[in-house]
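One structure is given here, and the rest of the page talks about it.
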């Protein structure tokens with residue numbers, strides 16, 4: 001991949017939508033890779049016992065999966081210099097799986113530092129699951 | 001259990017080192033669906049200017065959470081970890097975490113206060129290499145349900 005040129009980007013440019021599937025196997029893989037073995041992300045009976053509707057994805061899985069959309073747009077995941085979000089709603093993952101839909105929009109550009117700020121909107125079943133999700137990427 | 005507000009401003013000694021290798025990077029990338037070859041192909045990563053394959057940006061949380069454990073499990077901190085929900089997460093990346101890095105983490109408690117029957121905790125975790133090179137600043141907001149009384 002090659003890194004996107006700042007000169008080819010304008011405020012208001014849109015990214016996606018990109019649909020990303022998530023299954024219980026995804027969450028087990030994420031638990032192992034991240035070290036977050038909280039059973040609410042793997043065990044349906046446990047999740048229900050603490051008042052959740054079903055297994056829910058790790059918020060950090062959702063953040064990470066959404067982040068791939070802006071990394072791919074930038075052309076190099078190492079160009080993400082800031083990334084932040086609020087976790088506003090859980091992504092419920094029934095045994096049949098689920099999916100998230102990620103859209104981005106360029107909010108601002110700084111040509112001196114080659115930085116682009118992208119706001120991501122991530123939904124599951126039409127409900128926004130990440131709030132105030134902003135990534136700053138350094139373009140060429 | 002009420003969160004201990006005396007912990008605000010406290011910085012714990014560094015923890016780690018946590019080793020980063022190509023297999024760990026590849027497994028994290030696969031789990032979040034990151035297909036950028038800078039995570040899996042050392043030649044591509046080197047051509048992009050990195051020493052080896054680089055971690056996806058949010059993989060920093062693995063080391064931040066390992067580091068934060070010393071605080072959230074501190075009996076004096078008054079945190080019931082079974083009631084903790086992740087409210088917000090922010091990363092500032094100083095350079096990508098790279099296979100071959102030995103990561104140290106240092107956590108500072110920026111906030112620990114009751115909030116409407118719950119408790120709100122903000123940790124700021126600085127990740128560096130064992131050589132002192134800055135990797136990432138990770139700021140986590142956690143809500144402890146029922147942790148305010």
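The values are calculated or read from the model by the stated rules, or taken from the named source; none is laboratory data. None of the values given here were measured: they were computed from a predicted structure. Cβ coordinates were reconstructed from backbone atoms using ideal geometry, including for glycine residues, and neighbour counts include every protein chain displayed.
Picking from A:117, A:88, which residue would you name as being out of contact with any helix residue (DSSP H, G or I) (no Cβ under 8 Å at 6 or more places or on another chain), within 10 Å of chain B (Cβ to nearest Cβ) and either free of Cβ contacts under 8 Å to residues at least 12 places away in the same chain or more than 19 Å from residue B:64 (Cα to Cα) (or both)?
A:88
The set of residues in the range A:91-100 being surrounded by fewer than 17 Cβ atoms within 10 Å (Cβ to Cβ) and either modelled with pLDDT under 95 or out of contact with any helix residue (DSSP H, G or I) (no Cβ under 9 Å at 6 or more places or on another chain) (or both) consists of A:96, A:99.
Among the residues making up the range A:48-85, those that are more than 21 Å from residue A:128 (Cβ to Cβ) and more than 7 Å from chain B (Cβ to nearest Cβ) are A:48, A:49, A:50, A:51, A:74, A:75, A:79. In the range B:71-85 there is no residue matching the filter, namely being out of contact with any helix residue (DSSP H, G or I) (no Cβ under 9 Å at 6 or more places or on another chain), under 14 Å from residue B:126 (Cα atoms), in contact (Cβ under 8 Å) with a residue 12 or more places away in the chain and facing chain A (nearest Cβ under 10 Å). Looking across the range B:10-31, just one residue is more than 12 Å from chain A (Cβ to nearest Cβ) and in a helix (DSSP H, G or I), and that is B:22.
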